[in-house]
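**Q** Input: one structure, supplied below.
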Amino acid sequence: MEKVAVIGAGTMGNGIAHTFAQSGFKVNLIDISQEALDKALATISKNLDRMVAKEKITEEDKNNTIGNINTHTDMMAGVEDVGLVVEAATENVDLKLKIFKSIDDATSDDVILASNTSSISITKIAAVTNRPDKVIGMHFMNPVPIMKLVEIIRGYSTSDKVTNTIMELSKKLGKTPTEVNDYPGFVANRILMPMINEAIITLHEGVAGVEEIDTVMKLGMAHPMGPLQLADFIGLDVCLSILNVMYDGFGNSKYAPCPLLVNMVEASKMGVKSGEGFYSWSHGTKELIVSDQFK
């Protein structure tokens, strides 16, 4: 397991590639967009510069990390000769099934296939491959280089050997792997998303404003940031997708997305990534929006 492939160069993909590369692994970072790959490398370099400035790593460490990453727009070429593939594409079930079917055909039978999905069934993903025993979930937290948790999700057929291998691998990355079973939302999002959704409902019903809700949760519950700010960081489209997966999977109305969340996503107010969500991020920092649009 000296060489890995990471599919998807977005926020999670570049963070996963960064983490593996900094831990000494050779990484093939794959995306259909060269622009996305260039942006990912720039982000990784910027984050490493920040670590150098804080004296957490040396300039040599930074150069070694960058040197461990190769980029590919051809997925078939990118997954050659790797021991592990980590898929970190958009949280879309059809896209993920298509990717896993392709990499199953393109890699040798002993390669482990992992998904960074935050809510989609690993069992369902594994079913489109010829190696369901070697398919597993590795749900990293954002920002990946900093956050210690990795949810390790066992599909129905995931073997003990593969689970143990990925648990040990996660420790080599400096992470704390936590094994969970394959049910909608797993553990992290099954608990987190209803809280975020309830915060949005509280805002939508006019109980309190954005800043007030976040202040209550930060100062009253000792959360590092409020649920609405966190939703902006995660991406409101991602929150909506996860809630829909849980609502469909459990058939329980408590997971039904708040209409305000649905409207904001339809209006392309995605949070940090779009420059506006519950806060304005257009200047790169959090700014309160004074508006009645949330009611």
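**Q** Pairing the Cα long axis of helix 11-22 with the longest principal axis of the chain, what angle in degrees results, from 0 to 90 and rounded to the nearest 10?
**A** Helix 11-22 and the main axis of the chain meet at about 40 degrees.
**Q** Looking at the range 1-158, I'd like the Rg to Rh ratio, where Rg is from alpha-carbon atoms and Rh is Kirkwood's inverse mean 1/r.
**A** Values: Rg = 15.1 Å, Rh = 15.6 Å.
That ratio is 0.97, to two decimals.
**Q** Over the range 190-288, what is the mean sequence separation of C-alpha contacts under 8 Å (at least six apart), divided by residue count, expressed as relative contact order in percent? Walk me through the numbers on the way to the answer.
**A** On the way: 118 pairs, mean separation 25.0, N = 99.
It rounds to 25 percent for the range 190-288.
**Q** Once amide H atoms are built 1.01 Å from N in the peptide plane, which residues 5 or more positions from M270, or in another chain, come under 5 Å H to H?
**A** E276
**Q** Contact order normalised by length for the range 25-139, with contacts defined as Cα pairs under 8 Å and 6 or more residues apart; what percent is it?
**A** On the way: 141 pairs, mean separation 26.7, N = 115.
Once divided by the residue count of the range 25-139, the mean separation gives 23 percent.
**Q** Under 5 Å between amide H atoms, partner at least 5 residues away or on a different chain: which partners does E87 have, H built in plane at 1.01 Å?
**A** Amide H neighbours of E87, under 5 Å, 5+ apart: I7, A114, S115, N116.
**Q** Same structure, new question: If you wrap the range 190-288's Cα atoms in a convex hull and average its projection over all directions, what's the area in nm²?
**A** Values: hull surface 24.0 nm².
Its Cα hull, projected and averaged over all orientations, spans 6.0 nm².
**Q** Hey, another quick one. Counting other beta carbons within 10 Å of each residue's own, what order do D61, D105 fall into, fewest first?
**A** Working: D61 14, D105 10.
So the ranking, lowest neighbour count to highest, is D105, D61.
**Q** Of all GluC sites (Glu not before Pro) in the range 185-262, which ones are in loop regions per DSSP and have a Cβ with at most 12 other Cβ atoms within 10 Å?
**A** On the way: sites: E198, E205, E211, E212; in loops: E205.
Here the GluC sites (Glu not before Pro) that fit, given the DSSP loop and packing criteria, are E205.
**Q** Once fully extended, how much extra length lies between M76 and S268, figured as 0.36 nm per residue of separation less the alpha-carbon to alpha-carbon distance? Let's see the in-between values first.
**A** Values: separation 192, 0.36 × 192 = 69.12 nm, distance 3.29 nm.
Extending this stretch completely gives an extra 65.8 nm.
**Q** Then there's this: For the pair Y156 and D105, what calculated FRET efficiency results from E = 1/(1 + (r/R0)^6), where r is the Cβ-Cβ distance and R0 = 22 Å, to the nearest 0.05?
**A** 0.50
**Q** Given H placed on each backbone N at 1.01 Å, which residues far from F25 in sequence or on other chains put an amide H within less than 5 Å of it?
**A** none
**Q** Could you tell me how many degrees, from 0 to 90 and to the nearest 10, lie between the Cα long axis of helix 160-172 and the main elongation axis, the longest principal axis, of the Cα atoms of the chain?
**A** Once rounded, one gets 70 degrees.
**Q** Report the paramagnetic label zone for L95: residues of the range 222-250 whose backbone N is under 17 Å from a point 7 Å from Cα along the Cα-to-Cβ axis.
**A** 234-245
**Q** On to the next question. In whole Hz and in residue order, list the ³J(HN,Hα) couplings for the range 60-74 that follow from phi through the Karplus curve 6.51 cos²θ - 1.76 cosθ + 1.60, θ = phi - 60°; x for Gly and Pro.
**A** Along the range 60-74, the couplings run 5, 4, 4, 5, 5, 4, 4, x, 7, 10, 10, 10, 9, 9, 9 Hz.
**Q** Oh, and also: Please identify the GluC sites (Glu not before Pro) of the range 1-88 that satisfy two criteria: DSSP loop assignment and at most 12 other Cβ atoms within 10 Å. Which are they? Could you put the intermediate results ahead of the total?
**A** Numbers: sites: E2, E35, E55, E59, E60, E80, E87; in loops: E2, E55, E80.
Of the GluC sites (Glu not before Pro), the ones in loops of the range 1-88 whose Cβ has at most 12 other Cβ atoms within 10 Å are E2, E55.
**Q** Please list the radius of gyration and Dmax for the chain, considering alpha-carbon atoms only, with Å as the unit.
**A** Computed over the Cα atoms of the chain, radius of gyration and Dmax are 19.4, 56 Å.
**Q** Continuing with this model, one more query. Using only Cα atoms, tell me the angle between helix 34-53 and the longest principal axis of the chain; keep it within 0 to 90° and round to the nearest 10.
**A** With rounding to tens, the tilt is 80 degrees.
**Q** Let me ask something additional. State to the nearest 20 debye the size of the charge dipole of the chain about its Cα centre, where the only charges are +1 on K and R beta carbons and -1 on D and E beta carbons. Spell out each step's value before the answer.
**A** On the way: 27 positive and 37 negative charges, 99 e Å.
Using only the charged Cβ atoms, the result is roughly 480 debye.
**Q** What number, rounded to the nearest 500 deg cm²/dmol, is the helix-based mean residue ellipticity at 222 nm of the chain, given -39500 (n - 2.57) per DSSP H run of at least four residues and division by all its residues? Working shown, then result.
**A** On the way: 12 runs with 131 residues, N = 295.
Theoretical 222 nm ellipticity from helices: -13500 deg cm²/dmol.
**Q** Turning to a different aspect of this structure: Only counting other Cβ atoms within 10 Å, I'd like K134, K161, K39 sorted with the fewest neighbours first. Please list the in-between numbers first.
**A** Details: K134 24, K161 11, K39 15.
The order, fewest Cβ neighbours first, is K161, K39, K134.
**Q** Right, next: For the range 120-206, what value does the Rg/Rh ratio take when both radii are computed over Cα atoms and Rh is the Kirkwood radius, given to two decimals?
**A** Details: Rg = 15.3 Å, Rh = 14.2 Å.
When Rh is taken as the Kirkwood radius, the ratio is 1.08.
None of the figures in this text is laboratory data; all of them are computed from the coordinates on show. Computed from a prediction, not measured in an experiment: that's the story for all the values here. Glycine gets a Cβ as well: all are built from the backbone with ideal geometry, and neighbour counts include every protein chain shown.
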